[in-house]
Amino acid sequence: MGLDDLTRLSIAEAGDQIRRRSLSPVELTRAYLNRIQRMNGEFLAYITVLEERAIAAASTTEQEIARGNYRGPLHGIPIALKDLVLTRGVRTTCGSRILKDWVPSADGTVAIRLHEAGAILLGKLNMHEFAYGPTGVNPHYGTARNPWDHARVPGGSSSGSGAAVAASLCAGALGTDTGGSVRIPAALCGIVGLKPTYGRVSRAGVIPLAWSLDHVGPMTRTVADTALMLQALAGRDPADPSTADVAVPDYRAALDKGVRGLCVGLPRNLFFERLDPEVRNAVLAAAQLLEDLGASVQEIALPAIPHASAASFAIITAESTAYHEGYLKTRAAEYGADVRARLATGQFVLATQYLKAQRARHAIRAEVDAALTRVDAFLTPTTPIPAPLLDTRELTLDGHTEDVRGWLTRCTRPINVTGHPALSVPCGLTAGGLPIGLQIVGRYFDEATVLRIGHAFEAVSPMKGRWPPEVA
Amino acid sequence: MARCALAFRLDTTTGPLLKYMLLTTQPQEETMAPISTQLLQSISQELSRIPTDQEDLPIAAVQLNAQMDGLLRLDDLNLLNVEPATVLLPPSEDSRGAR
């Protein structure tokens, strides 16, 4: 098997070979590093590559496994972290100039959990500055490129995570999601991304964008791999009071149950308005495929969901500006123009608007919860449009012109407002060869059902076996 | 520190406010309550402490305007019975749990 072939193995496949000792973690890590060395200049997915450290860790891992100390399916698997997860002794830039030389003295909880599971850290991934934008355009480190079309954005804010996983520059990655920042790059790059339930995965040691909307989630090439990463990440963390003390099920065990007997909803308002026709067709075709697999599909009404956009705006702007207030006073010139302007907006959101948004959030959350008593999950597009070109500022569709940020986040940010788990799974390609994402939203802490539906769909998806074109 | 000199100050953008008064057909005392220079200076002083670059204000205004209708429409939701959220807690586990 060639080096590049190794990087095409899923985490589950590579993990199985490592467990049987037919694949060396050092060999696998070298394969990824070799690919990063050749291709990161094109994709700009990594801000920091930890070559020596990764080889040393893989070597230690190999010895551990040889001694019979196999830790589980992530042991020896090369992964990467969005560059806002704190890593002890490794600079954590948050995609910003302000933190370009900051080296934390402690690890974030999610970094610790992946390390304890035996994963090998390849490096830190590019992102929208301070996670404040859905395109991934970054004036400080360059914009990560979409592996399906290098003239287009990979989506953000976890842009490097999306690009690196899709281009096989790591086996899996972590992203964070405040308005869609895991699911949007997953959809635009043709990979799987999960925003878990609010409170499922610790945010301790992760630089915040908006405390009450932030989530950390895995990004991988298969649903099974997302389940494996979530297994290592999920659970109460005393360092993060927002995490819940809720039992963590065996996510992998639930995957193969199929969808027969499940009922999935289709909320027609908001999510299916003003869509790229190819996106609409792909998502409705996905619903049909799930029906063919034995699920029942029914339309559901979510009349309050359009209010989520304004609520999300008030909460993100107020919370992010509160977090950045110190740097705005002393280092404002070092922010990129788009992020600084957004932070300026937060200065003028009223406390009454913020509180009203938080109260509205409870009403919206209750409505979605009620709908999820009638169906097991519901389906929407992840984004109404495929990946835009790098310099796109506004888009017009069905006579409606809107900022590209509004287009990209329309279907994802309501689910940050409610806190339900949401998975993006690739469900097709446009005629121009751009990936389309299907969003599956489930009940609180029921990631298992969301993953189960995604896994069943993945097996019959038109994206099965499709890879981005290789770099020449 | 150079940025502080560019911080937003009300006294540098009073032009449009005065124009608004001129455009109205009603007498000034019917459209606006009298505001003392002292009060204006006091407001200006407070606003100047907001760390915002003047060049960002037009974008901020566009972003706020784009959401203003949506923020007003939040009143359409019945929020009277919703307690103000001062502490955000994770949601409770679904009663049926994972299947």
Check: What does the helix-only formula give at 222 nm for chain A: each DSSP H stretch with n ≥ 4 adding -39500 (n - 2.57), the total divided by the residues, and the result rounded to the nearest 500 deg cm²/dmol?
Finding: -12000 deg cm²/dmol
Notebook entry, point to check: How big is region A:114-167 in terms of Cα radius of gyration and Dmax, in angstroms?
Noted result: 12.0, 38
Checklist line | region A:301-378 - Rg (one decimal) and Dmax (whole number), Cα, Å | finding: 16.3, 52
Check: For labels at A:R393 and A:E42 in the simple 7 Å Cα→Cβ model, what's the distance in nm?
Finding: 3.1 nm
Item checked: Fully extended contour minus Cα-Cα distance, from A:D16 to A:A285, at 0.36 nm per residue -> 93.5 nm
Notebook entry, point to check: Can you give the average number of partner chain beta-carbon atoms within 10 Å of each beta-carbon in peptide A:317-325, as a whole number?
Noted result: 1
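Considering Cα pairs under 8 angstrom that are at least six residues apart, work out the relative contact order of region A:171-325 and quote it in whole percent.
22 percent
Beta carbons within 10 angstrom, averaged per residue: use that to sort the peptides B:52-62, A:452-462, A:219-229, highest first.
With the highest mean Cβ count within 10 Å placed first, the list reads A:219-229, A:452-462, B:52-62.
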Check: For chain A, which DSSP H helices look membrane-span-like by this rule: Cα extent along the axis of 27 Å or more and mean Kyte-Doolittle of at least -0.5?
Finding: A:308-330
Notebook entry, point to check: Roughly how compact is region A:257-408, stated as its Cα Rg over 2.2 N^0.38 Å to two decimals?
Noted result: 1.29
Next item on the list: Kindly provide the pair-distance distribution of region A:194-263 built from C-alpha pairs, with 10 Å bins from 0 and whole-percent values in order of increasing distance.
Entry: 19, 45, 28, 7, 0
Check: How high is the FRET efficiency from A:E27 to A:A253, r the C-beta distance, R0 35 Å, rounded to 0.05?
Finding: 0.70
Checklist line | Integer Hz, Karplus 6.51/-1.76/1.60 couplings in order for region A:127-138, x for Gly and Pro | finding: 6, 5, 3, 6, 6, 9, x, x, 9, x, 4, 9
Item checked: Residues with amide H under 5 Å from that of A:L438, placed H, sequence gap 5 or more -> A:T382, A:V425, A:C427
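With contacts defined as alpha carbon pairs under 8 Å and 6 or more residues apart, what's the relative contact order of region A:392-447 in percent? Show your work: numbers first, answer last.
Working: 60 pairs, mean separation 14.2, N = 56.
The normalised contact order for region A:392-447 reaches 25 percent.
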Check: P(r) for region A:48-189: what percent of alpha-carbon pairs falls in each 5 Å bin, starting at zero?
Finding: 2, 12, 19, 22, 19, 13, 7, 4, 1, 0
Item checked: More than 44 Å apart - percent of Cα-Cα pairs taken over the protein assembly as shown -> 16 percent
Note to self: Averaged over its residues, how many other protein chain Cβ atoms are within 10 Å of peptide B:42-55's Cβ atoms?
What the structure shows: 3
Next item on the list: Using a 10 Å cut-off on Cβ to Cβ distances, tally the other chain neighbours for every residue of A:340-353 and report the average as a whole number.
Entry: 6
Next item on the list: From zero up to wherever the largest Cα-Cα distance of region A:336-472 sits, split into 5 Å bins and tell me the percent of pairs in each.
Entry: 2, 8, 13, 16, 17, 16, 15, 8, 4, 1, 0
Item checked: Inter-centroid distance (Cα atoms) of region A:372-412 relative to region A:257-310, Å -> 14 Å
Margin query: Could you derive backbone 3J(HN,Hα) for region B:57-71 from the dihedral phi with the Karplus parameters 6.51, -1.76 and 1.60 (θ = phi - 60°), listing whole Hz in sequence and x where the residue is Gly or Pro?
Written below: 5, x, 5, 4, 5, 4, 5, 5, 4, 4, 9, 4, 4, x, 5
Notebook entry, point to check: Can you pull the semi-axes for region A:135-219, root of five times each eigenvalue of the Cα gyration tensor, sorted largest first, whole Å?
Noted result: 21, 14, 10
Notebook entry, point to check: Expressed as a rounded percentage, what relative contact order does region A:3-460 have, with Cα pairs under 8 Å and six or more residues apart?
Noted result: 16 percent
Margin query: Under a crude label model (7 Å from the Cα following the beta-carbon direction), how far is A:H150 from A:K329 in nanometres?
Written below: 4.5 nm
Check: Given 37 °C and 0.692 mPa s, how large is the Stokes-Einstein diffusion coefficient of region A:1-105 in µm²/s, with Rh as the Kirkwood radius over Cα pairs?
Finding: 221 µm²/s
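Just so you know, all these numbers are worked out from the coordinates, no wet-lab data involved. Predicted model only: the values in this text are computed from it and were never measured. In this analysis, Cβ positions are derived from the backbone assuming ideal geometry, glycine residues included, and neighbour counts consider all displayed protein chains.
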